[in-house]
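For reference, the structure discussed in these notes is given below.
The values are calculated or read from the model by the stated rules, or taken from the named source; none is laboratory data. Values in this document were obtained by computation on a predicted structure and should not be read as measured data. Here Cβ is always computed from backbone atoms with ideal geometry, including for glycine, and neighbour counts include all displayed protein chains.
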Amino acid sequence: MLIKIGGDTLALDADIRRHIESEARKLAERFPDEPLDARVTIQEEFDGLHGHRIRCELGMKLAHGRQVMVRDARKSAAEAITEVFASARRNVRKVRRQAMLDHPPSAIAGVGRAIGAASH
């Protein structure tokens, strides 16, 4: 899994980078057959309603041109990172399930058998 980490000075913090890399590793282990290319941006923001928060954005490119984008803002960086990767796991499962519905393996295998039977 290729991961790029960016943002403001929070992205330079070793503990935050380690947390992001740990969550990314867990995500890659969860979907070993899915090539993942991730970009994580973490930065501080001020919201008039919620005050100072940490925003974490995760953009991932999956196989066959599919993409997942998740954003969340929390009071601490650890909470924001954990929540973003938890949402990403749900979204990757959803995208993979949708891809399976669009192109079920049994239909593809059936076409191959029909082609193979016709050539004999």
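The requirement of being over 27 Å from VAL95 (Cα atoms) and not in a helix (DSSP H, G or I) is satisfied by GLU45. The residue of the stretch 33-42 that is nearest to the chain's Cα centre (by Cα), among those that are crowded, with 16+ Cβ neighbours inside 10 Å and in a strand (DSSP E or B), is ALA38. Of the listed requirements (1) assigned to a helix (DSSP H, G or I); (2) surrounded by 15 or more Cβ atoms within 10 Å (Cβ to Cβ), GLU21 misses just one: (2). I'd like to check something: does the stretch 32-40 contain any residue that is at pLDDT 95 or above and of a type in the set (Val, Ile, Thr)? For the stretch 32-40, residues at pLDDT 95 or above and of a type in the set (Val, Ile, Thr): present. Residue pairs whose Cβ atoms lie under 6 Å apart, separated by 6 or more positions or on different chains, with the first residue in the stretch 22-39 and under 13 Å from ARG89 (Cα atoms) and the second surrounded by 15 or more Cβ atoms within 10 Å (Cβ to Cβ) and among the polar types (S, T, N, Q), do not occur. Taken together, GLU79, GLU57 contain a single residue that is at pLDDT 95 or above, among the charged types (D, E, K, R) and within 14 Å of the chain's Cα centre (by Cα), which is GLU57.
Filtering the stretch 85-118 to residues that are β-branched (Val, Ile, Thr) and modelled with pLDDT under 75 leaves ILE108, VAL111, ILE115.
I'd like to know if the stretch 54-76 contains one or more residues that are buried (at least 16 other Cβ atoms within 10 Å of the Cβ) and touching a residue at least 60 places away in the same chain (Cβ under 8 Å). Within the stretch 54-76, none of the residues are buried (at least 16 other Cβ atoms within 10 Å of the Cβ) and touching a residue at least 60 places away in the same chain (Cβ under 8 Å).
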